Amino acid sequence: MKAFTIPEFYRSPVISKVKQFRKIQDPRKKDNSPTVLDFGPVIYYVARHFGFCYGVENAIEIAFRALEENPGKRLFLLSEMIHNPEVNKDLSERGVQFLQDTEGKQLISFDTITPADIVMIPAFGAPVPLVKMLEERGIHTENYNTTCPFVERVWKKSEQIGKTKHTIIIHGKNKHEETRSTFSRSELDSEAVVVVRDMEESKRLGVYLLGKKSQSEFEQEFQGKFSKGFDITKHFEKVGVINQTTMLATETQEIADYVKGLMVEKYGKEKIAVHFADTRDTLCYATNENQEATYGLLETDADLAIVVGGYNSSNTSHLAELCSRKFPTYFIESAGEIADKNTIHHFDYPTKKHLITSPFLPVKEPVKIILTSGASCPDAVLEGVIRRLNEFYSVRSTEEVVKHLQAVSS
Ligand code: SF4
């Protein structure tokens, strides 16, 4: 995979050694068991895969290149480039301004932008009308377009199944930048588009797909989540499922299987190839790997899990969700959230509430802590969390620990 030039301050010598060790030990990425960092009184189970993905490194490289190539020019991002506060803060401190927030609320009027300015597209992409509007104003976005190629791959799939007149069902969060971008493309590609957030909502959609509820009920129940002119009597004849790349991979598959089952019920097995488009390959590799590695963490005897990433990061929230199935889990943005040995400030993604837990570390030694981070979290931030937690124990030196790295399975 391509190596990107990203600022050194996002890297971590310790984490780089951990990643290098696993790369040598498991070059084919077949082993999802975590790496053990044994500091003595505190042991970390570090996920097999975590941290910056291809799309995020690509975006960071482009953004820093834009800064370097355009001294004295005004630089804007349509919205947060990725969902990580540290990275967005770094860009902002270097003069990059954000035109919209993550939900599309205007922060700076488009009227103030001129063709002399640089406008960058975030890694999630941007809705088609927005890009068009900028182009009409003489602002070219193609030079510094940080859209992830894996998001573009989903758009290609949407185009393909739109051409065969399949209605597009997007498994995603309808306000998320990526889903808004994908929706705008799917709207152009296909006659009809609808967004479902999860399996529960898919089941509610299934009732309409089978013609058991009315158009007006659909419009009320799925308000803001379907394309203009969606007609449930004709737009559920042929369907395909694509996803926001950071959703739970297993859930996307469950939704696709569920919808396929409904189409079999409606049209019979022999006609399923016509009525259901197979879109299996729209899942992003990083989301898959990070989630699979999290299942590996669930096999351990850890006491708690700490998941690091931006609070608006969809992929990080899913890692926290998976960990919380077995362990007390704390979703934090950085080491700064660990106030002291007793108290941690963290985020509950389902309720969107900031919580304070005290105590959060069990009174025992060794305490075993799961560590992972989202695809937009710099390794340096994860290292900061290790250093912060280590302050509470009499630990072995990092050098000594790194010398004795091992994987749980070895
Ligand atoms: S998580 Fe996947 S789709 Fe999203 S930026 Fe990373 S590689 Fe791209």
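The values are calculated or read from the model by the stated rules, or taken from the named source; none is laboratory data. All figures in this text were calculated on a predicted structure; none of them were measured in a lab. Cβ sites come from the backbone with ideal geometry, for glycine too, and all protein chains shown count toward neighbours.
Taking the range 324-365 as the range and being aromatic (Phe, Trp, Tyr) and at pLDDT 95 or above as the test, the residues that pass are Phe327, Tyr330, Phe331, Phe347, Phe360. Candidates are the residues of the range 104-131 that are without any contact (Cβ under 8 Å) to a residue 40 or more places away in the chain and under 26 Å from the mean Cα position of the chain (by Cα); the one that is surrounded by the most Cβ atoms within 10 Å (Cβ to Cβ) is Val131.
For the range 241-292, a residue qualifies if it is within 16 Å of the ligand (Cβ to nearest atom), touching a strand residue (DSSP E or B) at 6+ places or on another chain (Cβ under 9 Å) and of a type in the set (Asp, Glu), and exactly one does: Glu251.
The residue that is farthest from Lys29 (Cα to Cα), counting only those in the range 241-288 that are surrounded by 15 or more Cβ atoms within 10 Å (Cβ to Cβ) and of a type in the set (Gly, Ala, Ser), is Ala277. Restricting Val196, Val207, Val154 to those that are touching a Lys or Arg at 6+ places or on another chain (Cβ under 6 Å) and under 22 Å from His275 (Cβ atoms) reduces the list to Val207.
For the range 160-176, residues that are charged (D, E, K, R) and farther than 15 Å from Pro127 by Cα total 2.
Within the range 120-152, the set of residues being within 21 Å of Lys2 (Cα to Cα) and polar (S, T, N, Q) comprises Asn143, Asn145, Thr146, Thr147.
Out of Glu219, Glu191, one residue alone is surrounded by fewer than 22 Cβ atoms within 10 Å (Cβ to Cβ) and modelled with pLDDT of 95 or more. It is Glu219. Number of residues in the range 108-143 that are within 18 Å of Glu80 (Cβ to Cβ), in a helix (DSSP H, G or I) and either of a type in the set (Lys, Arg) or within 16 Å of the ligand (Cβ to nearest atom) (or both): the value is 0. Selection of the range 367-409 for residues being assigned to a loop (DSSP other than H, G, I, E, B), within 16 Å of the ligand (Cβ to nearest atom) and of a type in the set (Gly, Ala, Ser) yields Gly374, Ala375, Ser376. Being at pLDDT below 95, acidic (Asp, Glu) and part of a helix (DSSP H, G or I) holds for only one residue in Glu251, Glu321, Glu270, Glu265, and it is Glu251.
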